[in-house]
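Laboratory data are not the source of any read-out in this text; all were calculated from the coordinates shown. Just so it is clear, the structure is predicted and the values come from calculations on it, not from any experiment. Virtual Cβ from ideal backbone geometry, glycine too; neighbours counted across all protein chains shown.
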Amino acid sequence: MRIVITGASGNVGTALLRRLQQSGADHEIAGVCRRPPAHGAPYEGVSWTSVDLADTGAAQTLARVFQDADAVVHLAWGFQPSHNHVYLERVGVEGTRAVVRAALEVGVRRLVHVSSVAAYSSGPKDRRIDESWPTGGVSTLPYSRHKVAVERLLDAHEQQYAGRPGIIRLRPGLVVQRAAGGSLLRYGLPAVTPSMLLRHIGVLPLDKDFAVQCIHADDVASAIDLALAAGTTGALNLAGEPIVTRSLLAHALAARALHVPRRVLRAVTATAWRTHLQPLEPGWVDLAFAVPLMDTSRAGEELGWRPTVDMTTALREVLDGMGEGHGTSSPALRPRTVVDELRRVVSHGPVGKRRLP
């Protein structure tokens, strides 16, 4: 099978490359990203093409790469610079439009689009919702609004071109793995903050009602692998167990939980973001407390999928990776050091408003 993966050098892409290479199946894999990795596993043996999905000519380039592809896995998305919403929309929404257009043009039969729990409207924390829950997103977070825009884009495409290609939408919770530790920390802490401080946090200031679903990248990769072979279309929820609560997170950090109301957390985050002290938008706080808890039964029924990595284990893994600034040879997942972050601040500006190299 010839598989083209957009965003193949990122968090989920790296896990998917590992999965496909370890499966023993005879796949020809083509990777699409803005900055292809130069060396190292699992990026070797992949045919790489450099494409910025924000570019106006992206669809034409993608059509050439998609020629003779049996399936396309669309993972590419932008998270930074968080102060440049126009660019992020071009990457996420217009980039997805380019992927779908190119897949239709060359006759790709299967498209796996990885969306997010962030596409869902606000919902309950005391029960699980299925894939029929409204996808209205959380309006205060551009990431969520863009995920919703893509859902509408796919809806319109399916109405006009039923089954061309067959589209499956995976909606995972927050995706974590050790290899993404450095990049996750890069997008959540000021450049001057040493990674190792995470191991000595002591107190976790967080609202007592915090409850979100996460999932290990390997489990997302296994769902994608299964989706490539399945005939099902539509949306599938993906999440690990147990739910990540304040107490579970505090235990993983070996810290004492301290109740701080979400409105206070949001105000502090908003001030720090507006003044460029840290790159995390305040809308992420809104999202954490708004998104519903997902029922993943359909993924089990349609794909035979089950999460294999317990979230207690996954949290320890990713927190260790964050504390070490861990990464890979991929530019998207490069290791994080204070020296490197400060050098990039000087050369390109803070990550939240960075000039793209």
*What are the ³J(HN,Hα) values, in whole Hz, obtained from phi via the Karplus relation 6.51 cos²θ - 1.76 cosθ + 1.60 with θ = phi - 60°, for each residue of region 152-162 in sequence order, with x given for Gly and Pro?*
5, 4, 5, 4, 5, 5, 5, 5, 8, 10, 3
*asked:* Given a 10 angstrom Cα cut-off, can you work out which residue in Ile215, Ile201, Ile243 is the most mobile in a GNM of the chain?
replied: Ile201
*Once the Cα atoms of helix 11-22 and of the chain are each reduced to a long axis, what angle between those two axes, in degrees from 0 to 90 to the nearest 10, is obtained?*
50 degrees
_How tilted is helix 262-274 with respect to the longest principal axis of the chain? Cα atoms for both, answer in degrees (0 to 90, nearest 10)._
80 degrees
_I'd like the FRET efficiency for Arg306 and His200, computed as 1/(1 + (r/R0)^6) with the beta carbon distance as r and R0 of 35 Å, rounded to 0.05._
0.45
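With a cut-off of 8 Å between alpha carbons and a minimum separation of six or more residues, what is the relative contact order of region 2-353 in percent?
23 percent
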*What is the Cα centroid distance between region 128-183 and region 258-298, reported in whole angstrom?*
19 Å
*Only residues of region 104-145 count here: report those whose backbone N is under 20 Å from the spot 7 Å along Cα→Cβ of Ile243, or say none.*
116-138
*Taking the Cβ of Asp320 as the center, what net charge do the other residues with Cβ under 11 Å away carry, scoring Lys and Arg +1 and Asp and Glu -1?*
+1
*Mind checking which of Pro172, His276, Pro36 is farthest towards the positive end of the chain's charge dipole, using Cβ charges of +1 (Lys, Arg) and -1 (Asp, Glu) about the Cα centre?*
His276
*Would you mind checking the tilt of helix 311-323 against the longest principal axis of the Cα atoms of the chain, expressed as 0 to 90 degrees and rounded to 10?*
70 degrees
*Sequence-distant or interchain residues sharing an amide H contact under 5 Å with Trp48, placed H: which?*
Gly31
*By how many nm would the segment from Asp68 to Leu153 lengthen if fully extended, with 0.36 nm per residue of separation less the alpha-carbon distance?*
28.2 nm
